[in-house]
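The values are calculated or read from the model by the stated rules, or taken from the named source; none is laboratory data. Keep in mind it's a predicted model, so treat the numbers as computed, not measured. When we count neighbours, we look across all protein chains shown, and the Cβ atoms used for this are built from the backbone with ideal geometry, even at glycine. The protein model used for the area step is the full one, side chains on, heavy atoms only, and it has no ligands, DNA or RNA in it. Shrake-Rupley method; radii C 1.70, N 1.55, O 1.52, S 1.80 Å.
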Amino acid sequence: MKAVQVTAPGRLAYTEVAEPAGAAGPEALVRVETVGICGTDVKILSGGIPVEYPRVMGHEMVGEVIDGGSTGVAAGQRVMIDPAISCGSCALCQEGRTNLCLNGGLLGRDADGVWAELVTAPANRLLPIPEHVGTQAAAMIQVAGTCVHAQRAAPVFPGDTAVVIGLGVSGLIFTQLLRASGAEVVGVTRSAFKRELATEFGAVATAAPDEAAAVIAEVTGGRGVDLAVEAVGTEGTVALAIESARIGGEILVFGTVTGGGTGLPYYQLYFKELTVRNPRAAIADDYARAIDLAASGVLDLEPIVTDRVGMSDASRAFERVQSPDSLKVLMPVG
């Protein structure tokens, strides 16, 4: 079967790999329909996240069960696969925090991923997706689930105010989740077309980063927001989140900040007595909630998809990911 492997930093191969042996015991055989590219994949390809080579990439997908084995999942069922690898027996797994498993990992990074024509998965990692959820939206459930997980850690209520800094894929999903909870949302990004999309998703105001302070002051009466969501992953945007929050507010750092810089406004963290949350990945229940939100229309995911590039042309798909006029890039399989 065909799959996309990373064979060295910066090198992709669309190549033949061995097919799974088929459904075996508690694992189902799934035909993959569409996969998605995320920032983790970009870092794996660049060598910024080390893996064993060659590695079949990817952890975002939607597909169809073709043999349920003994899982109890029927052939023909449309599913996504929870990409987290967890042992089920460590202290954190026993607490239900499988996303933090002490012995865990991620498909496409620590084990071969889902950018292949066929994959296998156990029943507890298969999540059914209703047929009326469009293919593009279904392929985005994994990233939506991570946003749901993060939002559960920092709930908002009707009348609260929030800012979303960074209106990429996750930032636009956060905008919708926050609006659905009744918050007034300000979206911040340099991109005019992303600000326009945030407005369509219910943001009460949008701003470029250099205008953010003034716009937030106007929306909040000078108080600052109850919740600042950072969805970029730079020290500068974390600093902007801290500066945007009201005294006693909360910061949700969703972007992954991996490098140092000029330093954060640490005194404001103290003076405002801010709560800072750093959510990681998701658990199966978060994905189930994301599926429900997409199925009910609360989350409108398809407008966030800007590109569909066949998996056989994965190099071009990665080029589109880096373009300022793209959001979500999906790859149909086959």
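Restricting the first residue to region 173-193 and requiring it to be over 12 Å from residue 229 (Cα atoms), which pairs with a second residue that is part of a loop (DSSP other than H, G, I, E, B) and of a type in the set (Val, Ile, Thr) meet a Cβ separation below 6 Å and a spacing of at least six or different chains?
180/298; 181/156; 183/156; 184/204
Would you tally the residues in region 233-287 being hydroxyl-bearing (Ser, Thr, Tyr) and without any contact (Cβ under 8 Å) to a residue 24 or more places away in the chain?
Residues of region 233-287 hydroxyl-bearing (Ser, Thr, Tyr): 234, 237, 244, 256, 258, 262, 266-267, 270, 275, 287.
Now drop any that are not without any contact (Cβ under 8 Å) to a residue 24 or more places away in the chain, which leaves 266-267, 270.
Residues flagged as hydroxyl-bearing (Ser, Thr, Tyr) and without any contact (Cβ under 8 Å) to a residue 24 or more places away in the chain within region 233-287 amount to 3.
Please go through region 153-196 and give me each residue that is farther than 18 Å from residue 209 by Cα and either of a type in the set (A, V, I, L, M) or at pLDDT below 95 (or both), ordered by number.
Answer for region 153-196, where residues must be farther than 18 Å from residue 209 by Cα and either of a type in the set (A, V, I, L, M) or at pLDDT below 95 (or both): 153, 154, 155, 156, 173, 177, 178, 180, 183.
This table checks each residue for (1) closer than 23 Å to residue 195 by Cβ; (2) open to solvent by 30 Å² or more (accessible area, probe 1.4 Å); (3) modelled with pLDDT of 95 or more.
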{"position": "275", "(1), (2), (3)": "no, yes, no"}
{"position": "280", "(1), (2), (3)": "no, yes, no"}
{"position": "286", "(1), (2), (3)": "no, no, yes"}
{"position": "291", "(1), (2), (3)": "no, no, yes"}
{"position": "294", "(1), (2), (3)": "no, no, yes"}
{"position": "299", "(1), (2), (3)": "yes, no, yes"}
{"position": "306", "(1), (2), (3)": "yes, yes, yes"}
{"position": "314", "(1), (2), (3)": "no, no, yes"}
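Go through region 183-192 and report how many residues are open to solvent by less than 30 Å² (accessible area, probe 1.4 Å) and assigned to a loop (DSSP other than H, G, I, E, B).
3
Does residue 245 meet the test of being open to solvent by less than 30 Å² (accessible area, probe 1.4 Å) and within 17 Å of residue 150 (Cβ to Cβ)?
So residue 245 passes the test.
Just one of the numbered conditions (1) in contact with a Ser or Thr (Cβ under 9 Å, 6 or more places away or on another chain); (2) closer than 30 Å to residue 124 by Cα; (3) aliphatic (A, V, I, L, M); (4) open to solvent by less than 40 Å² (accessible area, probe 1.4 Å) is not true of residue 225; which one?
Of everything listed in (1) in contact with a Ser or Thr (Cβ under 9 Å, 6 or more places away or on another chain); (2) closer than 30 Å to residue 124 by Cα; (3) aliphatic (A, V, I, L, M); (4) open to solvent by less than 40 Å² (accessible area, probe 1.4 Å), residue 225 misses just condition (2).
Which one of these is part of a helix (DSSP H, G or I) and among the acidic types (Asp, Glu): 196, 131?
Result of the check over 196, 131: 196.
Count, please, the residues in region 258-272 that happen to be surrounded by 10 or more Cβ atoms within 10 Å (Cβ to Cβ) and modelled with pLDDT of 80 or more.
6
Which residues, taken from region 305-326, are touching a Phe, Trp or Tyr at 6+ places or on another chain (Cβ under 9 Å) and over 19 Å from residue 115 (Cβ atoms)?
Residue satisfying the conditions is 325 alone.
Is it true that residue 329 is within 17 Å of the chain's Cα centre (by Cα), open to solvent by 50 Å² or more (accessible area, probe 1.4 Å) and under 19 Å from residue 41 (Cβ atoms)?
Here the answer is no, as residue 329 does not meet what is asked.
Somewhere in region 99-114, is a residue among the β-branched types (Val, Ile, Thr), in contact (Cβ under 8 Å) with a residue 40 or more places away in the chain and part of a helix (DSSP H, G or I)?
no
Name the residue that is surrounded by the fewest Cβ atoms within 10 Å (Cβ to Cβ), counting only residues in region 115-138 that are out of contact with any helix residue (DSSP H, G or I) (no Cβ under 7 Å at 6 or more places or on another chain) and of a type in the set (Gly, Ala, Ser).
This residue is 123.
State the number of residues belonging to region 210-232 that are in contact (Cβ under 8 Å) with a residue 40 or more places away in the chain, assigned to a helix (DSSP H, G or I) and under 27 Å from the mean Cα position of the chain (by Cα).
Residues meeting the conditions: 2.
Going by the structure shown, is residue 200 open to solvent by 50 Å² or more (accessible area, probe 1.4 Å) and acidic (Asp, Glu)?
Numbers: open to solvent by 50 Å² or more (accessible area, probe 1.4 Å): yes; acidic (Asp, Glu): yes.
Here the answer is yes, as residue 200 does meet what is asked.
Applying the selection to region 143-167, what residues are part of a loop (DSSP other than H, G, I, E, B), open to solvent by 10 Å² or more (accessible area, probe 1.4 Å) and touching a Lys or Arg at 6+ places or on another chain (Cβ under 6 Å)?
none
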